[in-house]
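Have a look at the structure below before the remarks.
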Amino acid sequence: MAEDLGAILATSRGLVAHLPRPDLPSINLSLDQIEAQSRRLVSKQPTAPGTGGKATYLLAGGNVDANAHADLVANLNTAATFAPLTQLHDADVSGYLRHSHEQTLIACIEEGRRETEQEFYRVLDERVRKDWETRKKKIFDELGKVSIADNTVAGGASNLRASAMGRTVRGSGTNAVSQPTTSLPMYNKMAAYGEVIRGLNQARLAGTAYPVVSHLYQVAQEYAGNAVSLEHISVIQNRKQPRNSEHGLQTVPVPV
């Protein structure tokens with residue numbers, strides 16, 4: 001057996017004999033000898049004078065006790081703090097089961113942490129959305145109250161605006177209806193009624209008849225949000241039709 005090992009060693013040396021030798025010499029020392037020589041080399045290195053005092057003074061400025069920390073590090077027992085890594089043998093069933101149990105616990109803890117983090121961000125996002133919806137609704141309610149308050153304050157001038165509208169109908173201009181400050185649907189509705197009044201003014205200036213009630217009824221049907229207004233216009237139109245049939249007219253001419 002020894003002769004076989006010696007032959008293998010000679011063969012292995014012959015395999016690397018043709019390789020170029022490095023510039024550094026080979027080290028034929030054991031690990032203990034290498035550690036002892038490294039310690040001796042470190043002890044021979046000169047230290048800068050006064051470095052420790054300056055470092056201690058600098059750390060003291062940040063409320064750090066360098067001497068206490070140095071003693072703590074020196075007295076630290078790493079053997080009791082960190083568990084040594086031992087290789088598991090193939091026949092060590094108990095060690096394998098213990099290792100599998102520890103890895104399973106670590107995996108479960110990591111999975112629970114990840115699920116908790118995802119659930120936290122999901123709940124946070126949901127709370128933020130709900131809070132924003134609540135605040136947005138409150139803001140809209142406040143704006144609606146302000147708009148209603150403005151309309152109430154301006155209610156005293158409603159008759160003046162009505163008279164101004166009457167002057168617009170009877171006057172000579174085609175004044176545009178003032179834009180409401182409420183919402184887009186209300187603005188569109190008022191614009192449609194304004195178009196009817198504008199057409200009435202143009203027909204009056206041209207001296208022709210204009211079916212104002214029919215047009216108003218069509219606008220009321222298109223924006224059928226107020227059933228009372230639609231009913232009033234329908235009643236007016238029903239009263240108008242018999243009168244036209246008596247005179248044999250389709251529309252009532254607007255007096256100039």
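With r as the distance between the Cβ atoms of TYR121 and GLU195 and R0 = 35 Å, compute the FRET efficiency 1/(1 + (r/R0)^6) and round to 0.05.
0.05
Provide the gained length on full extension for the span ASP90 to LEU76, in nm with one decimal, where the gain is 0.36 nm per separating residue minus the Cα-Cα distance.
Stretched fully, the ASP90-LEU76 segment lengthens by 1.6 nm.
What net charge is computed for the residues neighbouring LEU105, neighbours being all others with C-beta under 12 Å from the C-beta of LEU105, Lys and Arg scored +1, Asp and Glu -1? Intermediate results must be reported in sequence, preceding the final value.
Details: positive: ARG98; negative: GLU102, GLU110, GLU111.
So the environment of LEU105 carries a net charge of -2.
Any read-out appearing in this document is the output of simple, stated calculations on the displayed coordinates, not a laboratory observation. Predicted, not measured: the structure shown is a model, and the values here were computed from it. Cβ sites come from the backbone with ideal geometry, for glycine too, and all protein chains shown count toward neighbours.
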